[in-house]
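Presented below is the structure to which this report refers.
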4 protein chains.
Amino acid sequence: MSPLLTSLSGDPEIEALLSDEAMIAHMVQFERALAMAEGELGMIPEDHARRIHQELKDFAPDMARLAAGMERDGVVVPELVRQMRAVLGEAGGSLHRGTTSQDVIDSAMAMQVGAILPVFSARIDGLLNGFDALAARHEGQNLLAHTRMQRALPIPVAAKVKTWRAPLRRAGAMLSEAGRELTMVQLGGPVGDGGSFKGNDRLLAEQLGPRLGLGVAPPWHSERDRVAGFAAELAKVSGVLGKFGTDVSLMAQGEHGQVRVEEAGASSAIADKANPVAAEVLVALARYNAGSLGTLHQALVHENESSGAALTLEWLVLPQMIQTTGASLRLAQRLLDRISF
Amino acid sequence: MSPLLTSLSGDPEIEALLSDEAMIAHMVQFERALAMAEGELGMIPEDHARRIHQELKDFAPDMARLAAGMERDGVVVPELVRQMRAVLGEAGGSLHRGTTSQDVIDSAMAMQVGAILPVFSARIDGLLNGFDALAARHEGQNLLAHTRMQRALPIPVAAKVKTWRAPLRRAGAMLSEAGRELTMVQLGGPVGDGGSFKGNDRLLAEQLGPRLGLGVAPPWHSERDRVAGFAAELAKVSGVLGKFGTDVSLMAQGEHGQVRVEEAGASSAIADKANPVAAEVLVALARYNAGSLGTLHQALVHENESSGAALTLEWLVLPQMIQTTGASLRLAQRLLDRISF
Amino acid sequence: MSPLLTSLSGDPEIEALLSDEAMIAHMVQFERALAMAEGELGMIPEDHARRIHQELKDFAPDMARLAAGMERDGVVVPELVRQMRAVLGEAGGSLHRGTTSQDVIDSAMAMQVGAILPVFSARIDGLLNGFDALAARHEGQNLLAHTRMQRALPIPVAAKVKTWRAPLRRAGAMLSEAGRELTMVQLGGPVGDGGSFKGNDRLLAEQLGPRLGLGVAPPWHSERDRVAGFAAELAKVSGVLGKFGTDVSLMAQGEHGQVRVEEAGASSAIADKANPVAAEVLVALARYNAGSLGTLHQALVHENESSGAALTLEWLVLPQMIQTTGASLRLAQRLLDRISF
Amino acid sequence: MSPLLTSLSGDPEIEALLSDEAMIAHMVQFERALAMAEGELGMIPEDHARRIHQELKDFAPDMARLAAGMERDGVVVPELVRQMRAVLGEAGGSLHRGTTSQDVIDSAMAMQVGAILPVFSARIDGLLNGFDALAARHEGQNLLAHTRMQRALPIPVAAKVKTWRAPLRRAGAMLSEAGRELTMVQLGGPVGDGGSFKGNDRLLAEQLGPRLGLGVAPPWHSERDRVAGFAAELAKVSGVLGKFGTDVSLMAQGEHGQVRVEEAGASSAIADKANPVAAEVLVALARYNAGSLGTLHQALVHENESSGAALTLEWLVLPQMIQTTGASLRLAQRLLDRISF
């Protein structure tokens, strides 16, 4: 998304949490924590473990060479490991022991999601409170309900607001739950069965999880239901906010005048026209995430122990869905702050 | 889906549970139960309630006229109510009291889903047991793992089978949960706020739920997250089975010979060729449901109190997704019964 | 689609042209024409060719056994060939010579599309004329334009109607063109290179094409751009009609009253409410076909010389898209016949 | 797409042509050309026209304030016009005369596409030549065909290569054609009917088109079939390249060894493993664009004279599809340069 479009329909705060820099930092963190855990279990020399943990604390990768490695290998990890080893001397041989690219990538992705979940939760709480306040401000007031785009009967403002709030509350709770299922440490080794850790895979995962802020689960390399499930909740959140957006768009029609939106956007051609921009963008983001969800679910068809095609498809879609959901929450708050009946 | 295609990629058992006849029967059931509940609460005369309950027990609608009504009104309910009233005499005036088409349709849809959930659960249990048995039969045996379509290292059969079984187990549990969230009575009246039931809406819903085998929830006319969430779990189930299908297709390649499939399909041109048909169809169904999920989520953008466009879109997509999921489960069992390593 | 839903959002005329019976009839037609052509080229005995042509003229297959074959083989052709051979005696050995299931299936599909194209063309012409008449009836009259859901400035009725008519005209022309590209004979033999016809593949295709009402092209077994391109034009047709539907829905809002729709649908709860059903369904069909197009394009990723997974996905999606497009055209005409400004 | 991911699956050359800076430059170009044409027609004072043309030649906007305007107004144009007027003095009143944001945005988008089309054409030509050369290098050589993932019969290399080349040739031709249909000047004024140009709209469009390198067409504000049609050809191009990618992935399986890929990617865990990265990414890009196409077609349902929701959805999807298509072409060439049989 270009910077201009980001200012309309993106989310800079979330974008930063999804940046390459953030991801690489999580990856380095994973390798450091793994080395410490393997050192404690005697799988690598303890001094190697300490050296790895110490030396990589402020590791600054050569991003251009990482990009070249990404293009060549399809994943960034081989080149990242090479760069890390270059500063580790002899201890470099103990780095990345037993593990594989996908362990690093999936764990780092889980850490990114883990950092984003509280932001989303706080925003959703803000919206739920905002909806309550909106209903309270208009207690005793009615709106005209519309079914099939036609005038029907009056309903209390509270009943209208409930149709926006209740699904967001449910979707928020399920997003947290799906987030919990996704933020699991990944530790399976080259073929995803944990066999490369010589019987220590469960122990290592149990140590790694807490150190990385992740839950503990058996390896899930080719079991992408966690990713699909999380994406579904993202699309649900932006979808229910799209309903809020379409309702406001319809109610804000001049002929209806059922809602006032402060600070609506200007037209370059018609001087006094006020366009409820955020409401429209919420609809666009909902439709975007809906379609993206269908694309992401294609990646459930994951060939054998690791599919480059299916994983690349996830990387193309999931970060965009996360950012879109963030933008939906951001714009819904902006809209909510500006409407009254 | 045509009968021939149904025999390949459909599910006659599920199709029957989704039939017009089944749906209309649920609708009649809803009206009978509502009348009884309203009679008990004194909202309609008790003899009307009894008459409605009695008289409609074996109600046989004129399906051709229902179809004409569906085309005219966009929903089947106005014509169905007309036909029911025609056999009820004076009691007809008490039929459908306070309620509206969408209450009837959504509740009937929930009842259909309620009838299908145990079928899906039983099939999933059958598959989980089958995967266990498959792993047990091949204990101590290895397969060659493949990452990025390339030979990697050997893994135990149990580790391979786990990549099929574990996500299905999780998806099955979440399908049940999402099914529970969807099989809620719908009772909101013309504008979905329950106002037409004169303060009795919660009481009525509490009575209707158990009578119809549904849970009790506030009206959810325009809150379609329940539908979207259920569809997401359907797509997840067929998606993880698509992974099983693609793995078997790849392992069954003659050059690999890592799996034997009994009773594979014939070619019309090459005499001794054996095609693992069910495995391929599992992939097709997974991709179909993935895309359909994206389409269905568009219906979250539901205009105001009831959107004819969004509801029609649900009706076009959800039954197909349910049938596709049923077919995935059916074919996965067929495939599982025929493979060995 | 169930019969009730078909009455709302389906198309019985198109459904009949897509039926199993129609498809099987095309397949038999293909085998008869192929035998005649091969007889003339001396590839099979001329009396066999005549016998095949004669005997299969009124061939009535056992549909139940075809369904069983479809399930077993993934395609209907092996069982269909078996049944045809059973009535052909010795000539049966000359049936299906050099060809393969996919030749038969794709050619029959092309013939189905060929039968549907003139129906679509006629309907589109009807709509284009109808839009002209609508504009003429309201010459000199203005409507209030709306940008971003807000009142803007008056525009002539003709300018409004042009936004519905012009894209339909363009889409109709491109649908015809894409239809021409798809209605090509398929004759490639078991691996799609024509090699099984002993150098006669081009000659045979040139003879078969005209006999079957199809164009002549090199084999296109695994080149599915023709299918994807045709589907894109279907979605474009229903999409531009969805714009017509959404505009009418918005203009028909009681607060706007910019369009009158005769014979609008009834509500079961609110007596005098008129719902512009066809307009809403046009929107639903547009969204359905849009999403389906995304799903169908997944089938461009067609593995090697023939992919059971990709072909099954086409069969699941394309007929539905064709029927949906038919329904869009049908409902757009219905709506157009009933609106005035 | 993050820089790292771009290095794998993006296209820096295309990204630059799609940048905000490029788009703003096109927009300024549009305003300059419009002023000149309006000056010649006497619609604005000639010295104003000259001043606008001169003064804005090297106009450097304040991008931060453009971003703020984009967020506020939903489009960048009102703020851009404000900034341009600030440097124009009295002539500023003649800037943007009769036109509206969407004219500027759509024309600029058409100019961006116009700049990208020759890049795509050249790349497609390169691939077509490369496929010819590949077939020529392996003349007389056979490959083993696979149908339904199973070994079938040998086919000539030329027949295999033709299944990659022929659909790309057709898709390339249709992409050019769809590009021609999209690269049309947009000039409709505030409500898209050209009425604000006082009878000069056709004349102005005829002058603007050639100056901007665009074709001439009546205003197409709410007629988005041009956009949808272009996107369909993008998805077709990446889709047929996805078939190339999946074939190479399958043929490169170690058990098959039907294709050699030089410089395949490294694994971080298994030393001598070679992963055909570009082939896998081609599959991912095909699936991504397929799904995106379905999302974009939702924007055909464009409300009335200008829909903020539908346009924003286009902006979210189309540039990504263009970049993905560019990346597909880039990676296909990379792969083609490295394979032999």
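Legend: distances between Cα atoms for C:Lys162/C:Lys236; B:Lys162/B:Lys243; A:Lys160/A:Lys243; A:Lys273/C:Lys162; D:Lys243/D:Lys273; C:Lys162/C:Lys243; pairs beyond 19 Å are A:Lys273/C:Lys162; D:Lys243/D:Lys273. Calculated on the alpha-carbon coordinates, the convex hull of region C:151-229 measures out at 101 cubic angstrom per residue.
Summing +1 for each Lys or Arg and -1 for each Asp or Glu among the other residues whose beta-carbon sits under 14 angstrom from that of A:Ala299 gives 0. With the Kirkwood sum run over all distinct C-alpha pairs, region D:106-188 has a hydrodynamic radius of 15.1 Å.
With both labels modelled 7 Å from their Cα along Cα-to-Cβ, the C:Ala25 to D:Asp337 distance reads 5.6 nm. Here the protein assembly as shown carries DSSP beta bridges of which approximately 80% are antiparallel, counting only pairs with both residues inside. Around the amide H of C:Met184, modelled in the peptide plane, lie the amide H atoms of C:Gly215, all under 5 Å away and 5 or more residues distant in sequence or on another chain. Interface D-B: total buried accessible area of about 2300 Å², 1.4 Å probe, protein heavy atoms only.
Overall, region C:188-341 carries a charge dipole of about 220 debye about its Cα centre when +1 sits on the Cβ of Lys and Arg and -1 on the Cβ of Asp and Glu, all other atoms neutral. Per residue, chain C exposes an accessible area of 31 Å² to a 1.4 Å probe, with every protein chain left in place. If only the Cβ of Lys and Arg carry +1 and only the Cβ of Asp and Glu carry -1, the dipole of region C:3-340 around its Cα centre is close to 1300 debye.
Ignoring aspartates and glutamates fewer than eight residues from C:Lys57 along the same chain, the ones with Cα atoms less than 13 angstrom from its Cα are C:Glu31.
Near C:Lys162: Cβ cut-off under 11 Å, other residues only, Lys/Arg at +1 and Asp/Glu at -1. The net charge is 0. Taking Cβ atoms as reference points and 13 Å as the exclusive limit, the residues near C:Glu262 contribute a net charge of +2, counting Lys and Arg as +1 and Asp and Glu as -1.
Its residues counted as N, region A:97-143 yields a C-alpha radius of gyration over 2.2 N^0.38 Å of 2.14.
Are there GluC sites (Glu not before Pro) in region D:98-198 that DSSP puts in a loop and that have at most 16 other Cβ atoms within 10 Å, and which ones?
When the GluC sites (Glu not before Pro) of region D:98-198 are filtered for loop state and at most 16 Cβ neighbours within 10 Å, D:Glu139 remain.
Placing a label point 7 Å from Cα along the Cα-to-Cβ axis, A:Asn142 is separated from the same position in the other copies by 3.5, 7.7, 8.3 nm, shortest listed first. Per the Debye calculation on region C:3-340 with a single equal scatterer at every Cα and no solvent contribution, log₁₀ I(q)/I(0) for q = 0.09, 0.12 Å⁻¹ amounts to -0.57, -0.86. Which one, A:Ile339, A:Leu300, A:Pro118, projects farthest toward the positive side of the charge dipole computed for region A:3-340 from Cβ point charges (K/R +1, D/E -1)? Selected residue: A:Ile339. Applying the criteria of a DSSP loop state and at most 11 other Cβ atoms within 10 Å to the GluC sites (Glu not before Pro) of region A:234-336 yields A:Glu262. Backbone amide hydrogens, once placed in the peptide plane, bring C:Gly265 within less than 5 Å of C:Asn275, C:Val277, excluding anything fewer than 5 places away on its chain.
Between region D:172-186 and region B:96-165, how far is it from one alpha carbon centroid to the other, in angstrom? Cα centroid to Cα centroid, the span is 46 Å. In this assembly of identical copies, the label point of C:Val119 (Cα plus 7 Å along Cα-to-Cβ) is separated from its counterparts by 2.9, 4.5, 5.2 nm, sorted shortest first. Summing Cβ point charges (Lys, Arg +1; Asp, Glu -1) relative to the Cα centre of the protein assembly as shown gives a dipole of roughly 0 debye. In whole percent, how big is the carbon plus sulfur part of the accessible area of region A:1-152, probe 1.4 Å, protein atoms only? Solvent-exposed carbon and sulfur of region A:1-152 make up 52 percent of the total. Using alpha carbons only, the radius of gyration of region C:204-260 set against its Kirkwood radius gives Rg/Rh = 1.39.
Whenever you get a sec, compute what percent of the accessible area on region B:156-243 sits on carbon and sulfur atoms (1.4 Å probe).
55
Along its three principal directions, the equivalent ellipsoid of region D:1-104 from the Cα gyration tensor extends over semi-axes of 31, 15, 11 Å, largest first. Where chain C is rotated onto chain D, the residue of C whose Cβ comes nearest the axis, and that gap in whole Å, is C:Gly294, 1. Using only Cα atoms, locate the centre of region D:219-281 and the centre of region B:1-53, then give the distance between them in Å, rounded to an integer. With region D:219-281 and region B:1-53 each reduced to a Cα centre, they are spaced 49 Å.
Here the translational diffusion coefficient of the protein assembly as shown follows from Stokes-Einstein with Rh set to the Kirkwood radius across Cα pairs; for 20 °C and 1.002 mPa s it amounts to 66 µm²/s. Label points for C:Pro210 are taken 7 Å from Cα along Cα→Cβ. From this copy to the others they lie 4.7, 7.8, 8.4 nm apart, shortest first. Mean residue ellipticity, 222 nm, helices only, chain A: the sum of -39500 (n - 2.57) across DSSP H runs of n ≥ 4, divided by residue count and rounded to 500, is -21500 deg cm²/dmol. The Cα atoms of region D:29-161 define a convex hull whose projected area, averaged across directions, is 14.2 nm².
The values are calculated or read from the model by the stated rules, or taken from the named source; none is laboratory data. All values derive from a computational prediction rather than experimental measurement. Cβ coordinates were reconstructed from backbone atoms using ideal geometry, including for glycine residues, and neighbour counts include every protein chain displayed. Just the protein is used for accessible areas: all its heavy atoms, side chains included, with ligands, DNA and RNA removed. Shrake-Rupley method; radii C 1.70, N 1.55, O 1.52, S 1.80 Å.
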